[in-house]
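Following: one structure in structure tokens, then a few remarks.
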Amino acid sequence: MTIRSQIIGCGSYLPARAVTNEELSRNLDTSDQWIRERSGIEKRHIAAEGEFTSHLGIAAGQAALDDAGIGASEVDLIVLATSTPDETFPSTASCIQAGLGAAGSAAFDVQAVCAGFIYALAVADNFIRCSQACTVLVIGAETLSRILDWNDRSTCVLFGDGAGALVLQASKGLGEVNDRGVLSTHLHCDGRDHDCLYVDGGPSSTGMVGVVKMQGKEVFKKAVVRLTEVAEEAFSTHGLSGRDVDWMVPHQANLRIMKGMAKKLDFGEEKVIVTIDQHANTSAASIPLALDWGCSEGKIQPGHLLLLEALGSGLTWGAAIVRW
Ligand code: ACO
């Protein structure tokens, strides 16, 4: 018998305000055509004034709990992936915990930028498999719009705000690839690539929040290599190939990266869940937002085999094989 982290609920939340490429190009030297062709993005959602990462996380977390049909008091642990916390401390997870009414559970943030959701999922899965928690709420929530230089067209057009969440619960499996739940997670980091993608501020360095700086071409090249490596690592763990997987649910950073990955991994493009057109890059929120969209569209069904993968600042990257 193996303990598995089964996914029993999924939910998401997007701020009400959607900003199209055309709207952005009114005040910035860019165009709808450039943004669509280079990234696949058509619009992004932007949090309202006074709407914080915790508010987004509470809404997504509550939706996931409702989907699971359980109350917040049943949650043992909340793991939040975010790079845009409400405050330097306490953790935004603790604000979300209070908002959901889950007092007494453990709660903390995980910071791995765009790979954050895979890292948070791995932490949650390990807590469950070590029997330290039975029911875990894993959330990715971001207000990236707050750390963008809105005069830098090479970054500000690419990101958006949003949140998504999963409820994981311990269940019994046979230790086989047919088990439902998280089958494996694979995490990596290479801190030498710091300068490719970072925020030029922080409590310990400048005392300011800072804004996103990115060498887009460098990150693009490294993303294709690292994501292919980690997907192959995940497949080889289970003796799988791209053809065995029902859906690839990648971090939504660039449509060209996703299509390149599908080709390299012998995946039909039609098996890739794509939401970047609607949400842009929501960092740690993008995978759970894509999962929730895939479910609501009737694409992802119980029993389907999923490859999740992401790369972000650090550079950090990772993958997970999940049976829905
Ligand atoms: N509108 C119009 N022109 C623009 C814009 C814009 N918004 N931004 C840049 N340009 C111009 C550039 O100035 C450049 O002009 P030049 O040729 O005259 O110098 C030209 O467009 C080409 O720019 P590139 O940066 O070379 O464009 P590229 O094809 O590489 O696409 C992009 C840029 C979309 C950023 C791409 O490199 C990318 O997606 N990179 C990976 C991003 C990623 O995966 N990030 C990781 C996760 S994010 C995280 O962890 C927070």
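The values are calculated or read from the model by the stated rules, or taken from the named source; none is laboratory data. Small disclaimer: the values here were computed from a predicted structure and weren't measured. Quick reminder, even Gly has a Cβ in these numbers, built from the backbone with ideal geometry, and neighbours come from all protein chains shown.
Values computed for the structure shown
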{"item": "Residue in region 278-288 that is in contact with a helix residue (DSSP H, G or I) (Cβ under 6 Å, 6 or more places away or on another chain), within 22 Å of THR185 (Cβ to Cβ), free of Cβ contacts under 8 Å to residues at least 24 places away in the same chain and within 16 Å of the ligand (Cβ to nearest atom) present", "result": "no"}
{"item": "Top-ranked residue in region 7-41 [being within 16 Å of the ligand (Cβ to nearest atom) and closer than 30 Å to ILE96 by Cα; ranked as surrounded by the most Cβ atoms within 10 Å (Cβ to Cβ)]", "result": "ILE41"}
{"item": "Single residue of GLN132, GLN169 found to be modelled with pLDDT of 95 or more and in a strand (DSSP E or B)", "result": "GLN169"}
{"item": "Residue satisfying condition, being crowded, with 20+ Cβ neighbours inside 10 Å, small (Gly, Ala, Ser) and within 16 Å of the ligand (Cβ to nearest atom), within set ALA112, ALA68, ALA93", "result": "ALA112"}
{"item": "Residue that is nearest to the chain's Cα centre (by Cα), among those in region 74-90 that are part of a loop (DSSP other than H, G, I, E, B) and within 16 Å of the ligand (Cβ to nearest atom)", "result": "THR82"}
{"item": "Residue that is farther than 30 Å from GLU51 by Cβ, more than 12 Å from the ligand (Cβ to nearest atom), polar (S, T, N, Q) and touching a Lys or Arg at 6+ places or on another chain (Cβ under 7 Å), where the choices are SER171, SER236, SER241, SER184", "result": "SER171"}
{"item": "Cross-chain or 6+ apart pairs with Cβ under 6 Å, region 131-151 first and under 18 Å from GLY57 (Cα atoms), then of a type in the set (S, T, N, Q) and assigned to a strand (DSSP E or B)", "result": "THR135/GLN169"}
{"item": "Residue in region 157-166 that is within 12 Å of the ligand (Cβ to nearest atom) and aromatic (Phe, Trp, Tyr) present", "result": "yes"}
{"item": "Check on VAL182, in contact with a Ser or Thr (Cβ under 6 Å, 6 or more places away or on another chain) and either aliphatic (A, V, I, L, M) or not in a strand (DSSP E or B) (or both)", "result": "yes"}
{"item": "Residue satisfying condition, being farther than 26 Å from CYS295 by Cβ and either in contact (Cβ under 8 Å) with a residue 24 or more places away in the chain or in contact with a Phe, Trp or Tyr (Cβ under 9 Å, 6 or more places away or on another chain) (or both), within set ASP200, ASP193, ASP179", "result": "ASP193"}
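Conditions (1) farther than 22 Å from VAL79 by Cα; (2) in a helix (DSSP H, G or I); (3) touching a Cys at 6+ places or on another chain (Cβ under 8 Å), marked per residue:
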| residue | (1), (2), (3) |
| --- | --- |
| PHE267 | yes, no, no |
| GLU270 | yes, yes, no |
| ASP277 | yes, yes, no |
| ILE287 | no, yes, no |
| ASP292 | no, yes, yes |
| GLY298 | yes, no, no |
| GLN301 | yes, no, no |
